[in-house]
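**Q** Supplied in structure tokens, the structure appears directly below.
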Amino acid sequence: MDKALEMRQKRATLVKVARDLLERAETEKRGLSVEEEQQYKKIMDDVEESRKAIEREERQQNLEREMTSSQGTIIGGKEPVGDESRASEQEETRAAFNKFLRGGVSILNIAETRRLQAGVDTLGGYLVAPQQFVTQLIQAVDDMVFLRPLATKYAVERAESLGVPTLDRDISDADWTSELATGMEDTAMTLGRREFRPWPLAKRVRISNKLLRQAAIDPEALVRSRLAYRFAITEERAYLTGNGVNQPLGLFTATPMGVSIARDVVAGTATDLTMDGLTRVKYALKMQYWPRARWLLHRSAVERIALLKDAQGQYLWRESTRAGEPDRLLGFPVMMSEFVPSVFAAGQYVGMLADFSHYWIVDALDMQIQRLVELYAETNQVGFIARRELDGAPILEEAFVRVRLA
């Protein structure tokens, strides 16, 4: 059996146990006891951990499939000569970069320095990471930040910003008229412009020289994983709640420049969600956006929705048991992020239904890594600085519906 499918079935079993616990208390017309409350919380924690494990396993499976398909056909147990040459060159570059990470430029020979050297810095110089290392780092960020794979992405290579024309006001409907008439003149149409100006994002990591020297530790993987995590959570927070000042404009920031309050729909009481309210959210989104629409919720909101029942006492939430298929709510896939607002109080945002391809991300600088040796010499450490420049904002507000409490 597929491992991810088996994990999903186990998660569904956990959810059923939690539901049975609630139904037993409801049948007996009482609340949960202290012991049952602790048991329920433990089960829900296990469900959340299971969800994360399923996502990791499916990402790994997708990555392995991509790697298998990209390797091409093996002939007689060997790759084609051209592939052998490229693989050998990449391996030499990776080995040189790993050597540089462990000991710096002083231990590189002339050939290794020539392979990695990108320029001369008068304050000491630095080496640019091999392309394969940089690509893996960016991919790690994409995997951890849900919005990047769904958003529309552009690269600004030479300009300082990206201008986008907008249709601020459209012409009115055509006029029924006679054969020789031309209808009323319409001067209502106006155009505008949105501007994306990538903002710098940076993070510094310090690692001891002793750790870098240990053969059992892969310093490249260590640096990549830590920087990927720091950049991922910073980007995720900005895409959702950024104020647009020297950073991306977030989806939960109400503004006419992004998603205004006109796209807010009350989906419950002052303290909780209702299925009637979520249904209103669904139909506030035009059906043209439905094929790519997704819910975006905090896990605490998903937990509340999972407890909602219909008039017959049946739970309205259905977890997915099929590999690669996300959970669904009213027909749309559900995505969760820890950075979605989760305060259940009057007037607060607690989720969104949207076609996220209408959120644009503009990258002006690929990930760059610089090594600092002398700065931390007294503490026997090496610093690594990662930098990139990006901006992001929703560009068509009717593609987004924010979920708000009364």
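**Q** Working only within segment 328-345, note down all residues that are more than 13 Å from the chain's Cα centre (by Cα), touching a residue at least 24 places away in the same chain (Cβ under 8 Å) and not in a loop (DSSP other than H, G, I, E, B).
**A** L329, F332, P333, V334
**Q** In addition: Conditions first: (1) under 30 Å from D168 (Cβ atoms); (2) in a loop (DSSP other than H, G, I, E, B). Y289 passes all but one, so which condition is the exception?
**A** It fails just one condition, (2).
For (1) in a strand (DSSP E or B); (2) within 24 Å of the chain's Cα centre (by Cα); (3) more than 24 Å from T152 (Cβ to Cβ), each residue gets a yes or a no:
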position: G183; (1), (2), (3): no, no, yes
position: A188; (1), (2), (3): no, no, yes
position: E195; (1), (2), (3): yes, yes, no
position: I207; (1), (2), (3): yes, no, yes
position: L212; (1), (2), (3): no, no, yes
position: A221; (1), (2), (3): no, yes, yes
position: T234; (1), (2), (3): no, yes, no
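**Q** Among the numbered conditions (1) over 20 Å from T152 (Cβ atoms); (2) surrounded by 11 or more Cβ atoms within 10 Å (Cβ to Cβ); (3) of a type outside the set (A, V, I, L, M, F, W, C), tell me where P256 comes up short.
**A** Result: P256 passes all but (2).
**Q** Given the condition under 22 Å from V47 (Cβ atoms) and surrounded by fewer than 19 Cβ atoms within 10 Å (Cβ to Cβ), answer yes or no: does some residue in segment 277-298 qualify? Step through it out loud before you land on a result.
**A** Quick first cut of segment 277-298, residues under 22 Å from V47 (Cβ atoms) only: 278, 294-298.
With the extra rule that they be surrounded by fewer than 19 Cβ atoms within 10 Å (Cβ to Cβ), the set shrinks to none.
No: segment 277-298 contains no residue that is under 22 Å from V47 (Cβ atoms) and surrounded by fewer than 19 Cβ atoms within 10 Å (Cβ to Cβ).
**Q** Still on this structure: If you go through segment 225-237 one residue at a time, do you hit one that is surrounded by 14 or more Cβ atoms within 10 Å (Cβ to Cβ), hydroxyl-bearing (S, T, Y) and modelled with pLDDT of 85 or more?
**A** Scanning segment 225-237 turns up at least one residue that is surrounded by 14 or more Cβ atoms within 10 Å (Cβ to Cβ), hydroxyl-bearing (S, T, Y) and modelled with pLDDT of 85 or more.
**Q** I'd like to verify a number: residues in segment 1-42 that are closer than 21 Å to P326 by Cβ and in a helix (DSSP H, G or I), how many?
**A** So the first thing to find is which residues in segment 1-42 are closer than 21 Å to P326 by Cβ, and the list is 1-16, 18-19.
In the following step, the residues that additionally are in a helix (DSSP H, G or I) were identified as 3-16, 18-19.
Within segment 1-42, residues that are closer than 21 Å to P326 by Cβ and in a helix (DSSP H, G or I) number 16.
**Q** Of everything in segment 350-365 that's crowded, with 20+ Cβ neighbours inside 10 Å and either more than 16 Å from the chain's Cα centre (by Cα) or not assigned by TED's automatic domain parsing to the domain that holds V401 (or both), which residue is nearest to Y154 (Cα to Cα)?
**A** A364
**Q** Follow-up. Of these, R206, R224, which one is in contact with a Leu (Cβ under 8 Å, 6 or more places away or on another chain), basic (K, R) and closer than 29 Å to Q381 by Cβ?
**A** On the way: R206 fails: in contact with a Leu (Cβ under 8 Å, 6 or more places away or on another chain).
On inspection, the qualifying residue turns out to be R224.
**Q** On the basis of being hydroxyl-bearing (S, T, Y) and surrounded by fewer than 17 Cβ atoms within 10 Å (Cβ to Cβ), does T187 make the cut? Give the derivation first.
**A** On the way: hydroxyl-bearing (S, T, Y): yes; surrounded by fewer than 17 Cβ atoms within 10 Å (Cβ to Cβ): yes.
Spelling it out, T187 is indeed hydroxyl-bearing (S, T, Y) and surrounded by fewer than 17 Cβ atoms within 10 Å (Cβ to Cβ).
**Q** On to the next question. Restricting attention to segment 174-190, does a residue exist that is among the acidic types (D, E), touching a Gly at 6+ places or on another chain (Cβ under 9 Å), farther than 30 Å from L372 by Cβ and at pLDDT below 75?
**A** Initial filter on segment 174-190 (among the acidic types (D, E)): 175, 179, 185-186.
Subset that is touching a Gly at 6+ places or on another chain (Cβ under 9 Å): 175.
From what is left, the residues that are farther than 30 Å from L372 by Cβ are 175.
After this cut, where a residue has to be at pLDDT below 75 as well, the list is none.
The answer is no; no qualifying residue exists.
**Q** Of the residues in segment 346-393, how many are part of a strand (DSSP E or B) and of a type in the set (S, T, Y)?
**A** So the first thing to find is which residues in segment 346-393 are part of a strand (DSSP E or B), and the list is 349-355, 359-372, 381-393.
Within this subset, residues satisfying the condition of being of a type in the set (S, T, Y) are 349, 359.
Qualifying residue count for the region: 2.
**Q** Does at least one position in segment 245-257 carry a residue that is outside any helix (DSSP H, G or I), at pLDDT below 95, within 17 Å of R402 (Cβ to Cβ) and aliphatic (A, V, I, L, M)?
**A** Yes: one or more hits.
The values are calculated or read from the model by the stated rules, or taken from the named source; none is laboratory data. Worth saying up front: this structure is predicted, and the values here are computed from it rather than measured. Cβ: placed from backbone, ideal geometry, glycine included. Neighbour counts: every protein chain shown.
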